[in-house]
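In what follows, a single structure is set out as structure tokens and then discussed.
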Amino acid sequence: MARLRTLVFSPLLLLISVVINQPSYGYKHLNGRDLVEEVCRHTSSQGYCIDTMIPGPPLTAEGIASTALGWAQIRTLEAGTLISGLIKDSVSTDHPGHYHVRLQRCWDLNMKAMADLWSASSSFYSKNINAMVNYLITASRDTKKCQDLIRGRNLPGLAAKNSDIIKLSEICVVSTKFF
């Protein structure tokens, strides 16, 4: 009889421990402005996130992820265009050789980030969220490397695009916690 109680009681304890220990934001029922504010509260740039994610009915966590991912892709294309122009200018003007090399390396990183963001998009629409998150993290990491390469080079337009890519990728990752 004591053994029967243990068997019945053990699954209950297991369930309780899973519920208590499972990391979750617990706000999966939110939508609209409340959801945006909760997602943004968990990012490194709450103000940017709130200003960027305009809630509209019916905004869901999936909608936030899709929007942030789409905007990250656009910013990556814009950054690539800026880098391409800077590379052309660096060849035609008198810049030190390492400037051109840094821009070329930044171009390569931008192309990798772009490919990862497209792969993240494919993963998102095929409901492979873990793969999507991994692609977003890699895209963000490569963009941060580009950001490091251009630091101190007086390239505010490119720095702003890179910063947006990093923040939008983070917003997308955080929003997956609310799916």
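The values are calculated or read from the model by the stated rules, or taken from the named source; none is laboratory data. The structure presented is a predicted model; accordingly, all values stated were derived computationally and were not measured. Please note that ligands, DNA and RNA were not included when accessible areas were found on the heavy atoms of the full protein model with its side chains. Shrake-Rupley method; radii C 1.70, N 1.55, O 1.52, S 1.80 Å.
The figures follow:
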| item | result |
| --- | --- |
| Per residue, in Å², the accessible surface of segment 106-145 once ligands and nucleic acids are set aside, probe 1.4 Å | 51 |
| Unit Cα scatterers, Debye sum, segment 85-142: log10 I(q)/I(0) for q = 0.18, 0.24, 0.26, 0.28 Å⁻¹ | -0.63, -0.82, -0.90, -0.98 |
| Segment 136-179, Cα convex hull volume normalised per residue, Å³ | 49 |
| Backbone HN-Hα couplings from phi across segment 127-143 [Karplus 6.51/-1.76/1.60, Hz, Gly and Pro as x] | 6, 9, 5, 4, 5, 4, 4, 4, 5, 5, 5, 5, 4, 5, 4, 5, 5 |
| Convex hull volume of segment 27-179 per residue (C-alpha atoms, cubic angstrom) | 95 |
| By accessible area with a 1.4 Å probe, ligands and nucleic acids excluded, highest first: order of D164, D108, D142, D34 | D34, D108, D164, D142 |
| Rounded to whole Hz, the Karplus (6.51, -1.76, 1.60) HN-Hα couplings of segment 76-88, x for glycine and proline | 5, 4, 5, 5, x, 5, 4, 4, 4, x, 5, 5, 4 |
| Hydrodynamic radius of segment 56-116 per Kirkwood, over alpha carbon pairs, in Å | 13.3 |
| Normalised contact order of segment 116-160, rounded percent, pairs of Cα under 8 Å and 6 or more residues apart | 31 |
| Amide H contacts under 5 Å for R153, placed H, 5+ residues apart | none |
| Part-to-part distance (alpha-carbon centres) for segment 74-132 and segment 137-179, which is given in Å | 11 |
| Residue-wise HN-Hα coupling along segment 167-178, computed from phi with Karplus coefficients 6.51, -1.76, 1.60 (Hz; x: Gly, Pro) | 5, 5, 4, 5, 4, 4, 4, 4, 5, 5, 5, 10 |
| Amide H contacts of M53 (H built 1.01 Å from N, under 5 Å, at least 5 apart or other chain) | none |
| Calculated SAXS-style log₁₀ I(q)/I(0) at q = 0.22 Å⁻¹ - segment 93-179, Debye, Cα scatterers | -0.98 |
| Eligible aspartates and glutamates near K177 by straight Cα distance, threshold 12 Å, same-chain separation 8 or greater | E38, E62 |
| With all protein chains modelled, accessible area of E78 [1.4 Å, Å²] | 60 |
